[in-house]
Amino acid sequence: MLREILGRRRRERSALLSAAVACAQWRWAVVPGTGFDRWACTCDCGRDDCPVPGAHPAPPVPLDGTARGPGAAGAATPPPLLAASTDERMVRWWWSRFPDAPIILATGRRVAALSVPEEAGVRALTQLRLMGVRTGPVVAAPGRYGFLVAPYALDELADLLDRYGLDRYGAVPFTLRCHGDDGYLALPPSRAPGGALRWAVAPEASVVGAPAPWLPQVADLVRTLVDTCHSVTQVRRSA
């Protein structure tokens, strides 16, 4: 039993390192995040009410240099989101120090995202495939789906949400989250309560030998994501 546990841990750590290195090679800036204690079912940040346990970056180091989090005195802590890097050597060094850390993608530079509740994400994928609309990578996390897209300007996104949310439904779905400049998203195979993150749609290059996965424009997906978020909300209200 112990041998199986140790073997599984080695495989999980190897998978995290490989995925983080792949992101660096794609020029996606990543940073090791705050982990999740699967035995105690708590986030390593120490907050009992952490909204995204095990799936967020570490907070910045306080100006006085004190350690972060309860019981952290003298303990090494992951770097903050601002330190996210595409340097493969740095990424390898980080995950040698924090081998179980989740992979946190810094959004807004070369890749952005929109995330929705899991049910809305599943519906959106089905509808987009039926319409022949190609998606980029899609992250399936416990309870939510994250659709990776090319970086977008806030004005562009605001216009789209006005058109497909306010004009058609009277409101933008509160369950739709935007991960743009200064945002973040946890990537597979990071762990969170409920299990490991996975790719609902795996990253694919636009052409053979391309340096990074292909990403759609936000305008290609946002209407469908707004529609499915709205439909899920309406069904729940009427239930």
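The values are calculated or read from the model by the stated rules, or taken from the named source; none is laboratory data. Since this is a predicted model, take the numbers as computed values, not measurements. Quick reminder, even Gly has a Cβ in these numbers, built from the backbone with ideal geometry, and neighbours come from all protein chains shown.
Things worth noting here:
- Under the condition of being closer than 14 Å to residue 188 by Cα and part of a loop (DSSP other than H, G, I, E, B), the residues counted in segment 29-57 number 4.
- Selection count, segment 170-200, where residues are among the hydrophobic types (A, V, I, L, M, F, W, C), farther than 20 Å from residue 219 by Cα and at pLDDT below 95: 2
- Applying the condition of being in a helix (DSSP H, G or I) and polar (S, T, N, Q) to segment 105-130 and asking which residue is surrounded by the most Cβ atoms within 10 Å (Cβ to Cβ) yields 127.
Listed here are the residues, each with its yes/no results for (1) of a type in the set (Val, Ile, Thr); (2) in contact with an Asp or Glu (Cβ under 9 Å, 6 or more places away or on another chain); (3) farther than 24 Å from residue 80 by Cα; (4) surrounded by fewer than 20 Cβ atoms within 10 Å (Cβ to Cβ).
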site	(1), (2), (3), (4)
132	no, no, yes, yes
172	yes, yes, yes, yes
175	yes, no, yes, yes
181	no, no, no, yes
226	yes, no, yes, no
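- Residue in segment 156-169 that is at pLDDT 95 or above, surrounded by fewer than 17 Cβ atoms within 10 Å (Cβ to Cβ) and not in a helix (DSSP H, G or I) present: no
- Being under 19 Å from residue 146 (Cα atoms) and at pLDDT 70 or above is a description that does not apply to residue 40.
- Test: residue in segment 80-95 that is surrounded by 14 or more Cβ atoms within 10 Å (Cβ to Cβ), assigned to a loop (DSSP other than H, G, I, E, B) and at pLDDT below 80: no
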